[in-house]
Amino acid sequence: MHLEVLPTLTIPASELGWRFSRASGPGGQHVNTTDTRVELSWNVSASLAVSESQRLILLSRLGQRLVDGVITVTASEERSQLRNREIAMVKLADVVAGALAPPAPERRATKPTRGSARRRLSAKKQRSTTKQQRRRPRAE
């Protein structure tokens, strides 16, 4: 089953690696006998599904998550291996799509409005007054 990340990018099933293991958590005796935890791996650096420019973007933006050019996502949220497979595929697609998305425009700093500055200062003054009233009165 191929993984469609974007309309322009589909990862073939032959490039996806699956591993299964026993998951912790709920499931009773069932969890001790079935391998419901799913690890889905994809070798970004050797993939034929991405162009060279996409590969460079993925390698630079996913650098922290890659181990030898391979990205791995895990899913053990559900008791069913099939459902965890679906979740892992969605997670991988989200990670790759997020890495390929264009960067958000940089934030342009603006001055606070006069009203917001006034509200902030009056709130600080009110808080100060509240704390002063909690103090023990002076013994004069």
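The values are calculated or read from the model by the stated rules, or taken from the named source; none is laboratory data. Quick caveat, the model's predicted, so the values are computed rather than measured. When we count neighbours, we look across all protein chains shown, and the Cβ atoms used for this are built from the backbone with ideal geometry, even at glycine. Side chains are part of the model used for accessible areas, which takes the heavy atoms of the whole protein and leaves out ligands, DNA and RNA. Shrake-Rupley method; radii C 1.70, N 1.55, O 1.52, S 1.80 Å.
Worth pointing out:
- Condition check for Ser41: loosely packed, with under 13 Cβ neighbours inside 10 Å and closer than 27 Å to Ala13 by Cβ: no
- Count of residues meeting criterion [within 22 Å of Leu48 (Cβ to Cβ) and charged (D, E, K, R)] in the stretch 60-90: 3
- Cβ-Cβ under 9 Å pairs, at least 6 apart or on other chains, the stretch 110-139 side modelled with pLDDT of 95 or more and surrounded by 10 or more Cβ atoms within 10 Å (Cβ to Cβ), far side among the basic types (Lys, Arg) and not in a helix (DSSP H, G or I): Ala117/Lys111
- Test: residue in the stretch 72-89 that is open to solvent by 40 Å² or more (accessible area, probe 1.4 Å), under 22 Å from Thr8 (Cα atoms) and of a type in the set (A, V, I, L, M, F, W, C): no
- The stretch 1-20, residues that are at pLDDT 90 or above and in a strand (DSSP E or B): Ile11, Leu16, Gly17, Trp18, Arg19, Phe20
- Selected residue (only one of Ser76, Ser53, Ser60 is touching a Ser or Thr at 6+ places or on another chain (Cβ under 8 Å) and over 15 Å from Gly17 (Cβ atoms)): Ser76
Yes/no matrix, rows are residues, columns are (1) modelled with pLDDT under 95; (2) under 17 Å from the mean Cα position of the chain (by Cα); (3) over 23 Å from Arg37 (Cβ atoms):
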{"position": "Arg61", "(1), (2), (3)": "yes, yes, yes"}
{"position": "Thr74", "(1), (2), (3)": "yes, yes, no"}
{"position": "Glu77", "(1), (2), (3)": "yes, yes, no"}
{"position": "Arg107", "(1), (2), (3)": "yes, no, yes"}
